[in-house]
Amino acid sequence: MDKLTFRELRDLVAAATPAEAAKIVLRAGWKEAAALIFEHPDPDAVMAALPAEDAYLLIKQVGERDALYLFEAASSAQVQAMFDFECWNKDRLEKKTSRHWFEVLMETSDEVFLRNVREMDRIFLSLFFKKYIGIERFEDMIDWNPAGAKDTYIPPDRRHLLTYHGDETTVRFIHEFTQRIFRLDMPFYYELIEMLYWETFNNLEEEAYQERAGRMADRGFPDNFAAVEVFTVVNPEKFKPSRKAFPAGAASGEFADAARSRYLQLYEHHDSFLRRLVTADFPGRDEVLTEIIAVANMVSVAERVSVADLDKVRDIVGATNAYLNIGLEYLSDAQPDQGVRVLRERKLLDVYKIGRSLVVELGRRARAIRPTATLKDRAGKEAFDDRPAASVVHHGAVEERAAVARRKRRRGAFPEPGRGARRVGAAGPVGAGGQNPRRRLRAEPRSGGTRPDARA
């Protein structure tokens with residue numbers, strides 16, 4: 001596909017179904033991809049066929065405001081994914097970035113604006129406005145002096161008093177955004193007002209975070225608190241990787257298909273034992289590829305690397321491959337048949353832990369002997385490299401360490417038949433999309449009325 005000219009790609013896209021056209025688009029460069037989408041008779045269908053992560057990356061690489069035409073063609077689910085990827089720092093909503101994306105949404109047509117606002121996670125939408133709007137009911141107020149009020153607004157129903165928070169530019173934007181909702185869908189506007197009145201900020205943030213965590217899990221990204229498991233250091237000689245509930249089969253779904261395509265086509269892979277195995281054909285290969293990228297996603301979340309930072313993501317994928325390769329060679333004694341068995345039957349997160357632990361141990365030993373072995377710079381002065389151990393240890397030394405460890409494990413990588421495997425480590429399949437956690441808020445109603453069902 002890389003050898004085809006833009007004209008040839010354009011002809012292929014024009015004659016393909018939306019799903020096939022989306023696959024062609026994913027293999028093109030970012031600028032070409034943006035143009036190719038609109039060479040199809042139904043560009044909205046092609047855009048909707050892109051996985052949410054790829055739609056987000058496409059718009060980020062082109063530029064949010066330069067790619068406004070792509071943003072308008074995106075589905076509501078893809079737009080929600082863009083907010084999910086951009087607007088959170090661990091379990092806290094980022095005010096600056098979330099406002100930026102709402103400003104992008106504000107620049108769209110009325111039809112696109114209203115569709116995305118209506119179909120956006122209602123809790124998330126309410127949380128954003130809760131940061132900027134305080135709401136009171138006049139029936140609850142003992143005294144109110146309009147002469148001393150600042151940055152306030154009384155909606156036409158004359159029941160609520162809205163107080164805006166922020167600088168002049170922020171207040172103007174929030175007011176214009178909510179007034180646009182009022183103009184396009186008045187019942188929805190008052191539903192939002194009621195929700196802001198009844199819900200507390202902390203409850204909204206916790207609920208919005210849980211909803212977002214469920215959606216991100218469906219895309220193959222765990223939350224930050226689960227992702228830090230990748231930093232677990234184990235004893236490779238005693239730790240046995242957990243068995244998968246079922247041997248690797250045929251993985252399917254939006255995340256699985258996109259993950260395999262992205263892993264094999266977008267990332268550079270140096271020749272290694274792991275690379276030679278996954279480029280060959282064996283039963284369950286697709287699910288193994290999906291699991292590898294799921295481990296890389298865990299590392300990127302734990303390292304707090306944005307998926308839009310492609311250079312850092314490539315580094316993460318490269319490091320994940322390296323650790324998996326070391327762990328795989330250690331467990332399989334570098335035998336291809338045994339290596340395939342490990343890939344199919346053992347959780348790759350545990351294989352990653354073993355590979356990383358071997359490097360960490362080697363780095364610890366290197367630091368212990370470093371004072372007796374100094375380095376000389378060009379001027380003849382003593383110089384020490386203070387980079388992390390994993391980045392300064394020569395690959396040959398790592399391979400030697402793995403070879404020594406393998407010789408100690410000649411008894412075999414797996415328990416003898418009938419003895420079973422000791423389960424240690426994480427439970428559940430790596431990278432599996434968990435069920436979206438949902439629970440209802442139980443905020444106590446304030447005096448002066450009963451709480452309406454804001455989510456009806």
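Find out how many positive minus negative residues lie around Leu343, taking Lys and Arg as positive, Asp and Glu as negative, among other residues whose Cβ is under 9 Å from that of Leu343. Show your work: numbers first, answer last.
Working: positive: Arg285, Arg341, Arg344, Arg346; negative: Glu291, Glu345.
Net charge in that neighbourhood comes out at +2.
Could you tell me the center-to-center distance, by alpha carbons, between the range 297-371 and the range 178-243 in angstrom? The distance from the Cα centre of the range 297-371 to that of the range 178-243 comes to 28 Å. Computed from point charges on the beta carbon alone (+1 for Lys and Arg, -1 for Asp and Glu), the dipole magnitude for the range 92-224 about its Cα centre is near 260 Debye.
For the residue pairs Lys60/Lys90; Lys240/Lys312; Lys90/Lys131; Lys96/Lys353; Lys23/Lys90, the alpha carbons lie more than 25 Å apart in Lys240/Lys312; Lys96/Lys353; Lys23/Lys90.
Quick note: the coordinates plus some simple rules give every number you see, no bench work behind them. Note that the structure is predicted; figures quoted are calculated from it, not measured. Heads up, the Cβs are rebuilt from the backbone with ideal geometry, glycines too, and the neighbour counts pull from every protein chain shown.
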